[in-house]
Amino acid sequence: NEDLLKKSEQLAMIGQLAAGVAHEIRNPLTTLKGFLQLMKENAEDDFYLGVIQGELDRIEIITNEFLALAKPRAVKFSLTSLTTLLTSSVEFIKMECLKQGVDVRFSVEEAEIYCDSHQMKQVILNVMKNALEAMPAGGLLNVQLEKVDGHGKISIQDNGSGIPPERMKHLGEPFYSTKEKGTGLGLMICQKIIKEHHGSLSIQSNVSEGTTVTILLPIANNH
Ligand code: ADP
Ligand code: MG
């Protein structure tokens, strides 16, 4: 009955149920992957096993991303150098850039924020991954951090495919993806995390120029 449960309560309940289901899927999934690995070690022609493994990997990625969204996780805020966090994130994807013919330009000022560094790194890596995926034939990834009006301003810019206006409005919708292997959950996760850090995330894009994602985060007091 619509009157008994307000819509927001219904949504919260559906979210909890779905997170519960996703959580329950993870255990049997781990078992399946373990046994599959054993089977692969004993098999001569493992084509079908490889297909099964690929599909299980995909279920795992979607389940994990979904849980990252739905499950309230213990967040650990601490004073963190955004500079160090960005530097290590760029280090992390450098090999991938090299393989793909993407040049990296990197320029950062010093800035400290209060954040859950694990979550913040997840945001940065998600955005950089999108940038790389938009430049399959190479390009330029430009990562910047500057201080603007008490905020750390992170810009992650690519000169890839860009996003046509009619697609812009769908960004951040759950499962909206234009990629064959995409989940369409990455940007939603980023938005959620940035909001929990009292920041903002915006996307500027142009089909002929590429895409810039701008993240603003309040700088920690006295830093
Ligand atoms: P996924 O990467 O799994 O597709 P995301 O939520 O990370 O999901 O991104 C959703 C969609 O937004 C992508 O499928 C793509 O169409 C678009 N997008 C995001 N970042 C970029 C980018 N840097 N350049 C072009 N398109 C992008
Ligand atoms: Mg993505």
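Just so you know, all these numbers are worked out from the coordinates, no wet-lab data involved. As the structure is a prediction and not an experimental result, all values here were calculated from the model. Using ideal geometry, Cβ is built from the backbone for each residue, glycine included, and neighbour counts are taken over all protein chains shown.
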Practice problem: Kindly provide the pair-distance distribution of the range 57-130 built from C-alpha pairs, with 10 Å bins from 0 and whole-percent values in order of increasing distance. | Solution: 16, 41, 33, 11
Quiz item: Taking only the alpha-carbon atoms of the range 17-64, what semi-axes of the equivalent ellipsoid follow from 5 times the gyration tensor eigenvalues under a square root, in whole Å, largest first?
Solution: 25, 11, 5
Quiz item: Comparing 86, 201, 56, which has the greatest mean-square fluctuation in the GNM of the chain with Cα pairs linked when under 10 Å apart?
Solution: 56
Quiz item: Which distance in nm do the two modelled labels at residue 106 and residue 168 give, with both placed 7 Å along the Cα-to-Cβ direction?
Solution: 3.1 nm
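Please sort by residue number the trypsin sites (Lys or Arg not before Pro) in the range 141-195 whose DSSP state is loop and whose Cβ has at most 16 other Cβ atoms within 10 Å.
Hits after loop and neighbour filter: 169, 179, 181.
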Quiz item: What residue among 14, 193, 163 shows peak mean-square fluctuation when the chain is described by a Gaussian network model with Cα springs under 10 Å?
Solution: 14
Quiz item: Along its principal axes, what span do the Cα atoms of the chain show, with the longest given first and each in whole Å?
Solution: 55, 55, 38
Self-check item: FRET efficiency, residue 75 to residue 46 (Cβ-Cβ, R0 45 Å, nearest 0.05)
Solution: 0.65
Quiz item: Mean separation of Cα pairs under 8 Å and 6+ residues apart, divided by the residue count of the range 70-140: what relative contact order is that in percent?
Solution: 47 percent
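Based on alpha-carbon positions alone, could you give the equivalent ellipsoid semi-axes of the range 125-223 from the gyration tensor, as √(5λ), descending, whole Å?
Equivalent-ellipsoid dimensions as semi-axes: 24, 16, 11 Å.
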Exercise. Go through the range 40-88 and name the trypsin sites (Lys or Arg not before Pro) that are in a DSSP coil and have 15 or fewer other Cβ atoms within 10 Å of their Cβ.
Key: 73, 76
Quiz item: How high is the FRET efficiency from residue 99 to residue 29, r the C-beta distance, R0 45 Å, rounded to 0.05?
Solution: 0.95
Quiz item: Per 10 Å bin, what is the whole-percent P(r) computed from every C-alpha pair distance within the range 1-93?
Solution: 13, 24, 25, 25, 11, 2, 0
